[in-house]
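Engineer: Before anything else, here's the structure in question.
The values are calculated or read from the model by the stated rules, or taken from the named source; none is laboratory data. Since we're looking at a predicted model, the values are computed, not measured. Positions of Cβ are backbone-derived with ideal geometry, glycine not excepted, and every protein chain shown enters the neighbour counts.
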Amino acid sequence: MRRLFCLFFLIAVQLLFADDKLDTQDLKFISFWEGTNPQMTLHQLASYCAPIFWFSPDEPELRNKKGKDIQIPAAFPFQGDSQTPVVYYQVTEILSIGTSSEESVLIPNENKDETIIDLRNIAGFNIDYNHYYKYEVGLGKHNHDTEQAQFKVYVYKEKDENGIEHYYLYFLQAIGRAHALMWYDNIYHVDENNLSHELELPFHILVEEGKHASCTDMNGDGYYTPGYDVNVRMNDAWELRDVIRTGELFSAKFEAWMAKVRKPEHRVFPPLPEDSPHRKKYEINGVYAPDNAVYELRPMPTQLAALPDELLKHDMTSYYYEGWPKVKALTQANKFYSWWEAENFIQSVGISFRANGVVGISFAFPLLIIKNVEAPLVGGWLVNRIYFQDHKLRDFGYGILYTPSASRFLDPYFVVGLEVDKFYEEGKTELSSKTDFVLESGIKVRGNVKFSPLKFLSVLTDFWGVRLGIKSKGFWAIDNITYVFEIGAGVW
């Protein structure tokens, strides 16, 4: 996902900010900051963009505390106890304009907090906020639980009537990571065709009860609304499932009763700087967030700092970005490279063993070959599915497969297509062939093997699954009904 960052900005900036001059007044609702000084420290940058974390009233690590008494998210154990909650930031990637060098973008310092970033030569950046908990409860419970929220920010520059350059940090996208799987990401991005002025900054992140997955709350109302708080891959997003802290999954898809309503006293606020445009709305009599805990921002430490605690080191590894911040030039070559290297295409191909009276192999891949296509209105995915079967794989089938999601552990599926069956007719030495309309439907059971005893299979892909279906041939007159069994790798 990080490697998609360059591509995202090239597309988003062209679509959302296509005009040479923006209406900065109309875009105040997505502005983290505005100023005339192009230089600031990474700590300042992280403070302007930092989110509010919002917990369930029944979160186990709250220990029935609220308001100023809340002590989560916690500091990593090797850093000792903290008097306030702690959140860890890392500016993972910075997009420099054209051929701008790293030296023109960053003034490094051994203390990451004091590293200076120069906005004059920057198109945008990616920033992560990692939050840590001492343990996780429910299904797959364990000690040490690091979670993450990611933000993509656009840097806009404009001169006023006096020729003074103004700099703006505009919110583009928030990603609430959920259970370390890309397909489960809860994503909200600014829709250039339908700007939602009710978007609330600082951005609110709902923290799943006991499991601590991050979920986006676009308007900061403490309620999770599908398609509104998450507007990318809605059917695949993990969303907010507070009820699974009981150890039960209940349902493959999200249901409204799974999420509990958040209360204002369970919010933990970021350390917004004095000149933040969003600080005053949370002040009472000049005091910022007087009834809520305010967390401390620290730079994300390397996972090696966790040693000798191997379990904590392992938990931190997938959230630490080695060598941050990294500067990448915004070029057309980089655009292609970023897409080509991304996990999205690799994890969107399925390969399976197939049994259908005869045996063979099947492949599923994006409908547009290099791009997945979501079904309109209902969501879900339309993909190509081909298979070869029978003696020397001489039979061929092609169909368009629909599945409501790519990540739920149980999904129905439907395939419409054709099959070319080759066979020997009695008394003939040459193969004959027959083409039939084919309809197939059934269920797909899939699972993430990354954290299971079969984790060695995740070298190919995290998801493996089994498909059980019924296939019929013929359009008006249906005949030759058979069972279908497939087992293999990939979400499809």
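Engineer: Yes or no: the range 57-72 includes at least one residue that is crowded, with 17+ Cβ neighbours inside 10 Å and part of a strand (DSSP E or B).
Structural biologist: No: zero hits.
Engineer: Being in contact with a Ser or Thr (Cβ under 8 Å, 6 or more places away or on another chain), surrounded by fewer than 20 Cβ atoms within 10 Å (Cβ to Cβ), at pLDDT below 90 and within 23 Å of Val466 (Cβ to Cβ), is that true of even one residue in the range 367-374?
Structural biologist: Yes, some residue in the range 367-374 is in contact with a Ser or Thr (Cβ under 8 Å, 6 or more places away or on another chain), surrounded by fewer than 20 Cβ atoms within 10 Å (Cβ to Cβ), at pLDDT below 90 and within 23 Å of Val466 (Cβ to Cβ).
Engineer: Something else about it: Kindly indicate the residue of the range 428-456 that is among the β-branched types (Val, Ile, Thr) and under 18 Å from Ala355 (Cβ atoms) and also surrounded by the fewest Cβ atoms within 10 Å (Cβ to Cβ) among those meeting that condition. First the steps, then the outcome.
Structural biologist: Filtering the range 428-456 for residues among the β-branched types (Val, Ile, Thr) gives 429, 435, 438, 443, 445, 449.
Now drop any that are not under 18 Å from Ala355 (Cβ atoms), which leaves 438, 443, 445.
On the way: Val438: 19, Ile443: 12, Val445: 15.
It comes out as Ile443.
Engineer: Which pairs turn up if I take residues in the range 445-461 that are of a type in the set (Ser, Thr, Tyr) and look for partners that are surrounded by 15 or more Cβ atoms within 10 Å (Cβ to Cβ) and modelled with pLDDT of 70 or more with beta carbon separation below 6 Å, at least 6 apart in sequence or on another chain?
Structural biologist: Between residues of the range 445-461 that are of a type in the set (Ser, Thr, Tyr) and residues that are surrounded by 15 or more Cβ atoms within 10 Å (Cβ to Cβ) and modelled with pLDDT of 70 or more, the close pairs are Ser458/Val449; Ser458/Lys450; Thr461/Ala489; Thr461/Gly490.
Engineer: Next question. Could you list all residues from the range 295-312 that are among the polar types (S, T, N, Q) and surrounded by 17 or more Cβ atoms within 10 Å (Cβ to Cβ)? Break it down into steps so the answer makes sense when it comes.
Structural biologist: So the first thing to find is which residues in the range 295-312 are among the polar types (S, T, N, Q), and the list is 302-303.
Within the range 295-312, just Gln303 meets the criteria.
Engineer: Give the range 140-174 a look and list any residue that's closer than 25 Å to Val449 by Cα and either surrounded by 14 or more Cβ atoms within 10 Å (Cβ to Cβ) or among the basic types (Lys, Arg) (or both), or say none. Reasoning before the result, please.
Structural biologist: Narrowing the range 140-174 to residues closer than 25 Å to Val449 by Cα: 140-150.
Lys141, His144, Asp145, Thr146, Glu147, Gln148, Ala149, Gln150, listed by residue number.
Engineer: Could you list, in sequence order, the residues of the range 373-402 that are touching a residue at least 60 places away in the same chain (Cβ under 8 Å) and farther than 17 Å from Phe363 by Cα?
Structural biologist: Glu374, Gly379, Gly380
Engineer: Residues in the range 170-183 that are out of contact with any helix residue (DSSP H, G or I) (no Cβ under 6 Å at 6 or more places or on another chain), closer than 29 Å to His197 by Cβ and not in a loop (DSSP other than H, G, I, E, B): how many?
Structural biologist: 4
Engineer: Can you tell me which residue in the range 118-140 is farthest from His166 (Cα to Cα), limited to those that are part of a strand (DSSP E or B) and among the polar types (S, T, N, Q)? So that I can check it myself, show each step before the final result.
Structural biologist: Our first condition is that a residue be part of a strand (DSSP E or B); within the range 118-140, this holds for 118, 122-136.
With among the polar types (S, T, N, Q) added as a condition, the list becomes 126, 130.
Details: Asn126: 21, Asn130: 30 Å.
Among those that are part of a strand (DSSP E or B) and among the polar types (S, T, N, Q), it is Asn130.
Engineer: State all residues of the range 184-199 that are out of contact with any strand residue (DSSP E or B) (no Cβ under 8 Å at 6 or more places or on another chain) and in a loop (DSSP other than H, G, I, E, B); if no residue qualifies, say none. So that I can check it myself, show each step before the final result.
Structural biologist: Within the range 184-199, the first condition is being out of contact with any strand residue (DSSP E or B) (no Cβ under 8 Å at 6 or more places or on another chain), and the residues that meet it are 184, 191-198.
Once the filter is applied, which keeps residues that are out of contact with any strand residue (DSSP E or B) (no Cβ under 8 Å at 6 or more places or on another chain) and in a loop (DSSP other than H, G, I, E, B), the range 184-199 yields Asp191, Glu192, Asn193, Asn194, Leu195, Ser196, His197, Glu198.
Engineer: Sticking with this structure for a sec: Filter the range 277-303 for residues that are among the polar types (S, T, N, Q) and farther than 24 Å from Phe29 by Cα and give the result.
Structural biologist: Going through the range 277-303, the residues among the polar types (S, T, N, Q) turn out to be 285, 292, 302-303.
If the condition is that a residue be among the polar types (S, T, N, Q) and farther than 24 Å from Phe29 by Cα, then Thr302, Gln303 are the ones that fit.
Engineer: Please find, within the range 440-492, the residue that is nearest to the chain's Cα centre (by Cα) out of those that are among the β-branched types (Val, Ile, Thr) and in a strand (DSSP E or B).
Structural biologist: Step one: of the range 440-492, the residues among the β-branched types (Val, Ile, Thr) are 443, 445, 449, 459, 461, 466, 470, 478, 481-482, 484, 487, 491.
Now narrow it down to the ones that are in a strand (DSSP E or B): 443, 445, 466, 470, 481-482, 484, 487.
Working: Ile443: 25, Val445: 22, Val466: 25, Ile470: 34, Ile481: 40, Thr482: 39, Val484: 33, Ile487: 27 Å.
Among residues in the range 440-492 that are among the β-branched types (Val, Ile, Thr) and in a strand (DSSP E or B), the one nearest to the chain's Cα centre (by Cα) is Val445.
Engineer: On to the next question. What pairs come up if the first residue lies in the range 69-97 and is without any contact (Cβ under 8 Å) to a residue 40 or more places away in the chain, the second is surrounded by fewer than 23 Cβ atoms within 10 Å (Cβ to Cβ), and their beta carbons are under 8 Å apart, counting only those six or more places apart or on different chains?
Structural biologist: Asp81/Ala75
Engineer: What pairs come out if I take residues in the range 279-302 that are touching a residue at least 60 places away in the same chain (Cβ under 8 Å) and among the β-branched types (Val, Ile, Thr) and pair them with residues that are surrounded by 17 or more Cβ atoms within 10 Å (Cβ to Cβ) and assigned to a strand (DSSP E or B) whose C-beta lies under 7 Å away, six or more apart or interchain?
Structural biologist: If the second residue must be surrounded by 17 or more Cβ atoms within 10 Å (Cβ to Cβ) and assigned to a strand (DSSP E or B), the pairs left are Val294/Phe269.
Engineer: Consider Phe475 against the criteria (1) of a type outside the set (S, T, N, Q); (2) surrounded by 15 or more Cβ atoms within 10 Å (Cβ to Cβ); (3) on the phi < 0 side of the Ramachandran plot: it satisfies all of them except one. Which criterion is unmet?
Structural biologist: Of (1) of a type outside the set (S, T, N, Q); (2) surrounded by 15 or more Cβ atoms within 10 Å (Cβ to Cβ); (3) on the phi < 0 side of the Ramachandran plot, only one is false for Phe475: (2).
Engineer: Scan Thr84, Thr41 and give me the residue that is touching a helix residue (DSSP H, G or I) at 6+ places or on another chain (Cβ under 7 Å) and over 17 Å from Pro202 (Cα atoms).
Structural biologist: Values: Thr84 fails: touching a helix residue (DSSP H, G or I) at 6+ places or on another chain (Cβ under 7 Å).
Among Thr84, Thr41, only Thr41 is touching a helix residue (DSSP H, G or I) at 6+ places or on another chain (Cβ under 7 Å) and over 17 Å from Pro202 (Cα atoms).
Engineer: Within the range 81-117, how many residues are buried (at least 16 other Cβ atoms within 10 Å of the Cβ) and either assigned to a loop (DSSP other than H, G, I, E, B) or acidic (Asp, Glu) (or both)?
Structural biologist: Going through the range 81-117 one residue at a time, the tally reaches 5.
Engineer: Turning to a different aspect of this structure: List the pairs whose first member sits in the range 206-227 and is within 18 Å of Lys134 (Cα to Cα), whose second member is among the small types (Gly, Ala, Ser), and whose Cβ atoms are under 6 Å apart, counting only residues at least 6 apart or on separate chains?
Structural biologist: Short answer, once both residue conditions are applied: Glu209/Ser56; Gly210/Gly138; Lys211/Gly138; Ala213/Ala178; Ser214/Ala149; Ser214/Gly176.
Engineer: Ok, one more. Quick check on this structure: which one of Ser405, Ser432 is touching a residue at least 40 places away in the same chain (Cβ under 8 Å) and touching an Asp or Glu at 6+ places or on another chain (Cβ under 9 Å)?
Structural biologist: Step by step, each of Ser405, Ser432 is checked, and only Ser405 is touching a residue at least 40 places away in the same chain (Cβ under 8 Å) and touching an Asp or Glu at 6+ places or on another chain (Cβ under 9 Å).
Engineer: Hey, any hits in the range 188-204 for a residue that's under 26 Å from Lys371 (Cβ atoms), at pLDDT 90 or above and touching an Asp or Glu at 6+ places or on another chain (Cβ under 8 Å)? Don't jump to the end; show me each part of the working.
Structural biologist: First pass over the range 188-204, keeping only residues under 26 Å from Lys371 (Cβ atoms): 188-196.
Then drop every residue that is not at pLDDT 90 or above, which leaves 188.
Retained after the next criterion (residues that are touching an Asp or Glu at 6+ places or on another chain (Cβ under 8 Å)): 188.
The answer is yes, given that some residue of the range 188-204 is under 26 Å from Lys371 (Cβ atoms), at pLDDT 90 or above and touching an Asp or Glu at 6+ places or on another chain (Cβ under 8 Å).
Engineer: I'd like to verify a number: residues in the range 299-320 that are assigned to a loop (DSSP other than H, G, I, E, B) and of a type in the set (Lys, Arg), how many?
Structural biologist: 0
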